[in-house]
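The values are calculated or read from the model by the stated rules, or taken from the named source; none is laboratory data. Everything quoted here is computed from the prediction, not taken from an experiment. Reconstructed Cβ throughout: ideal geometry from the backbone, glycine too, with neighbour counts over all protein chains shown.
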Amino acid sequence: MKSIESIIAKPAQAGMVGDGFRVFNYIPKGGITQKRISPFLMLDFNAAYNFPPSTSGHLRGVDVHPHKGFETVTIAYKGSVAHYDSSGNSGVINPGDVQWMTAGRGILHKEFHEESYAKKGGPFEMVQLWVNLPKKDKSVAPHYQAITHSNMGKLLLDDNAGEVNVIAGDINGINGPADTYTPINLFDIKLHAGANFEVSIPQNHNTALLIINGSVTVNNDQVASEHSFVLFKNDGTTIQLHADQESVVLLMSGEPIDEPIVSYGPFVMNTEGEIREAISDFNLGKFGYLD
Amino acid sequence: MFNFQQYLQKHTPINVNQFEILRKNLISKSLKKGKVLLNEGEKTNVSYFVSKGLLRAYTLDLNGKEHIIQFAPEDWWIGDRNSVYFNEPAVFNIDVLEDAEVVVITKAFMEQALDICPDFGKYNIYLLHNSIRHMQNRINKLLAATAEERYLDFIKLYPDLTLRIPQMMIASYLGVTPESLSRVRKALAQKHFRPNS
């Protein structure tokens with residue numbers, strides 16, 4: 001059994017990312033450093049929030065900003081986001097879908113509430129997870145994987161207990177579509193009230209759960225309530241969940257990348273010198289241009 | 001205060017013991033984003049050393065448009081010499097752009113520092129010359145340089161501010177329109193962006 005290291009309650013206050021994302025930040029925070037939870041670097045959770053309809057054509061979101069040296073994974077539960085980047089790519093992330101963006105050697109992008117969602121307003125619920133790249137892959141060309149609900153691996157639980165959408169990694173031989181640079185599991189677990197679910201995760205993986213909705217009892221031991229975050233020790237392979245009510249849980253696990261991490265805002269490299277170079281490259285337009 | 005101590009020990013001859021004496025008359029302040037430290041026309045007798053965060057000095061023209069004179073990120077000093085040293089009304093407004101920790105620098109501190117450590121005067125003179133050099137360069141660039149040259153100077157002086165402040169503030173500092181700054185950045189990207197290499 002992977003024992004629970006800590007259960008962290010939802011942070012007291014949400015922060016705004018631009019004017020479109022009202023997020024609770026779980027990583028990095030307190031004891032959950034980027035090294036402790038490697039390869040995950042950052043976890044922001046826009047817990048379900050009703051945005052009012054946008055008026056006068058203003059779309060809420062985050063304007064142009066760079067990323068370099070890692071991947072951003074956006075998991076949309078409710079609401080839609082449109083994105084644009086400096087290579088001319090654009091698209092929409094719809095509820096149930098995941099965008100896996102490899103920033104690699106550097107990209108500029110912007111993300112806004114998708115127009116038709118913005119006009120109506122309504123519930124918005126998303127996770128953004130940053131995943132580190134190993135040193136050898138930090139300079140790959142930027143690219144995307146658009147992972148839709150329909151192409152995720154699907155595990156239907158017995159007795160209609162729920163389902164697991166496999167975004168990355170594998171569960172019982174069912175694979176997720178995401179190509180990852182290091183071994184990673186990312187599971188969207190949906191459990192009906194009373195359901196029991198057991199999953200096996202390699203012992204060396206840094207592993208955590210985020211309770212998106214509902215409440216679950218973990219390892220027949222502790223209750224993880226809505227919006228709490230469960231960090232596991234690296235001491236076993238099995239995690240048991242019991243849904244105390246209808247629940248949605250995000251499970252993330254990954255093999256730690258044993259390399260130095262130097263973060264500065266939207267850049268994550270291995271040395272201070274590489275950070276200075278990243279800032280200079282960004283300033284000089286080497287990530288391209290985006291209006 | 002620790003950052004200020006480190007700064008002084010790195011750049012000036014003030015040693016640990018001397019700093020301990022000076023510390024008694026120093027005050028640090030935590031400031032929230034948006035806090036106004038000085039309004040044009042007021043009188044003040046203090047300047048600031050920025051340990052953490054970001055401050056700026058700016059003026060407003062008759063149309064209410066902001067003209068940013070200086071940014072002060074970590075390890076920068078900021079103040080209005082007109083008021084501090086000439087006891088005249090301040091020319092600049094000073095406010096906080098990012099939550100900040102500052103050390104309040106009084107005339108008494110400068111005098112005591114000189115008293116305790118006469119060589120501190122040399123550093124102070126260096127600081128003055130550096131500031132004058134910077135201002136001269138800035139005047140020259142504002143009168144004679146292209147927007148691109150001004151931007152290239154800016155990113156050399158303040159490498160990470162492009163990640164910390166909106167474009168319009170950079171444009172205000174450079175004395176160009178935000179549109180002109182966008183054109184500069186676009187032209188640089190066209191020169192340097194190699195999407196397929």
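Quick notes on this one:
- Residue ID - modelled with the highest pLDDT, chosen from residues in the range A:141-167 that are part of a strand (DSSP E or B) and among the polar types (S, T, N, Q): A:Asn165
- Index of the failed condition, A:His227 passing every other in (1) surrounded by 16 or more Cβ atoms within 10 Å (Cβ to Cβ); (2) more than 17 Å from A:Val127 (Cβ to Cβ): (2)
- The test for being within 14 Å of chain B (Cβ to nearest Cβ) and among the β-branched types (Val, Ile, Thr) holds for A:Val62.
- Applying the set (1) in contact with a Leu (Cβ under 9 Å, 6 or more places away or on another chain); (2) more than 10 Å from every other protein chain (Cβ to nearest Cβ); (3) within 16 Å of A:Ile279 (Cβ to Cβ) to B:Met169 leaves exactly one unmet item: (3).
- Index of the failed condition, A:Val81 passing every other in (1) within 30 Å of A:Glu255 (Cβ to Cβ); (2) in contact with a helix residue (DSSP H, G or I) (Cβ under 9 Å, 6 or more places away or on another chain); (3) surrounded by fewer than 23 Cβ atoms within 10 Å (Cβ to Cβ); (4) of a type outside the set (D, E, K, R): (3)
- Residue match in the range A:144-162 (condition: in contact with a Gly (Cβ under 7 Å, 6 or more places away or on another chain) and surrounded by 17 or more Cβ atoms within 10 Å (Cβ to Cβ)): yes
- If you check A:Val73, A:Val92, A:Val131, A:Val127 for being at pLDDT 95 or above, touching a Pro at 6+ places or on another chain (Cβ under 9 Å) and assigned to a strand (DSSP E or B), only one passes: A:Val131.
- Tally of residues being outside any loop (DSSP other than H, G, I, E, B) and exposed (fewer than 15 other Cβ atoms within 10 Å of the Cβ) across the range B:82-106: 3
- Those residues of the range A:277-291 which are at the interface with chain B (Cβ under 9 Å from one of its Cβ atoms), surrounded by fewer than 20 Cβ atoms within 10 Å (Cβ to Cβ) and in contact with a strand residue (DSSP E or B) (Cβ under 9 Å, 6 or more places away or on another chain), in sequence order: A:Asp281, A:Tyr289, A:Asp291
Yes or no, residue by residue, for (1) assigned to a loop (DSSP other than H, G, I, E, B); (2) over 23 Å from A:Tyr264 (Cβ atoms):
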{"position": "A:Ser6", "(1), (2)": "no, yes"}
{"position": "A:Gln13", "(1), (2)": "yes, yes"}
{"position": "A:Met16", "(1), (2)": "no, no"}
{"position": "A:Asp19", "(1), (2)": "yes, yes"}
{"position": "A:Val23", "(1), (2)": "no, no"}
{"position": "A:Tyr26", "(1), (2)": "no, no"}
{"position": "A:Ser38", "(1), (2)": "yes, no"}
{"position": "A:Met42", "(1), (2)": "no, no"}
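- Within the range B:34-81, strands (runs of 3 or more DSSP E) holding 1 or more residues that are closer than 18 Å to B:Leu157 by Cβ: B:46-60, B:66-72
- The lone criterion from (1) surrounded by fewer than 16 Cβ atoms within 10 Å (Cβ to Cβ); (2) in contact (Cβ under 8 Å) with a residue 40 or more places away in the chain left unmet by A:Ser56 is number (2).
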